[in-house]
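For reference, the structure discussed in these notes is given below.
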Amino acid sequence: MAVQAITPDYVGEIKDKIENFHGNQVVYAGWDRHLMFPAAFAWPVPPAMPFSDFRDQVMGEAFGIHPEWEQINWDTVVWLLDGQSFTPDINKGLAEQGIGHKSLLRFTTPELTGFQGAGV
């Protein structure tokens, strides 16, 4: 998204550039149709972190409070990475499969529609 400054000569310092995260990168993840989480979460994580660790530990800590988290069938989850269809390799690192700084992962659980069907 382009930013339009009030004055044409405005120059600002970018605070969320990857160099400011001490070897980590910011990755966002959102669980579609689960309204208990109105927006994606953001975490600073190592680019080499295996996807399985990101999903099970990092995402699990945040999304695990949802009553349906333990019911997820990971074989049927539909993933998007930065708006494009994505099939993660749980054994590969995040960056190795194109998950970069400020990437957005979204996932949908076809069998689960949110607490008491709220996401239908």
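The numbers here are math on the coordinates, done by the rules we state, and not lab data. On a predicted model such as this, the values are computed, not experimentally measured, just so you know. No Cβ is skipped: glycine too gets one built from the backbone with ideal geometry, and neighbour counts run over all protein chains shown.
Just the Cα atoms of the stretch 18-117, one point each, no solvent: what log10 I(q)/I(0) does Debye give at q = 0.12, 0.13, 0.15 Å⁻¹?
Log10 of I(q)/I(0), two decimals: -0.36, -0.43, -0.57.
For the stretch 45-88 and the stretch 1-43, what is the separation of their Cα centres, given in Å?
19 Å
Sequence neighbours fewer than 8 away in the same chain don't count; with that in mind, list the aspartates and glutamates whose C-alpha is under 20 Å from LYS102.
GLU13, ASP16, GLU19, ASP32, ASP53, ASP56, GLU61, ASP82, ASP89
Please arrange SER52, SER103, SER85 by counting, for each residue, the other beta carbons lying within 10 Å of its beta carbon, fewest first.
Values: SER52 14, SER103 17, SER85 8.
So the residues, fewest neighbours to most, are SER85, SER52, SER103.
Using mean Cβ contacts within 10 Å as the protection proxy, how do 12-18, 69-75 order, highest first?
69-75, 12-18
Below 8 Å between Cα atoms, with a sequence gap of 6+, how large is the relative contact order for the stretch 18-117 in percent?
Rounded, it is 40 percent for the stretch 18-117.
Which of THR7, THR87, THR108 has the fewest other C-beta atoms within 10 Å, and how do the rest follow up to the most?
THR7, THR87, THR108
GLY98: net charge of surrounding residues, Cβ under 14 Å, Lys/Arg +1, Asp/Glu -1, itself excluded?
For residues surrounding GLY98, the net value is -1.
Based on other C-beta atoms within 10 Å, arrange TYR10, TYR28 from fewest to most.
Going from sparsest to densest Cβ surroundings: TYR10, TYR28.
Please give the calculated 222 nm ellipticity per residue for the chain, where each DSSP H segment of at least 4 residues contributes -39500 (n - 2.57) and the sum is spread over every residue; nearest 500 deg cm²/dmol? Before the final figure, lay out the partial values.
On the way: 1 runs with 4 residues, N = 120.
The helix contribution divided over the chain gives -500 deg cm²/dmol.
In the chain, what percentage of the DSSP-assigned beta bridges are antiparallel, given to the nearest 5? List each step's numbers first, then the result.
Numbers: 13 of 18 bridges.
Antiparallel bridges: around 70 percent, rounded to the nearest 5.
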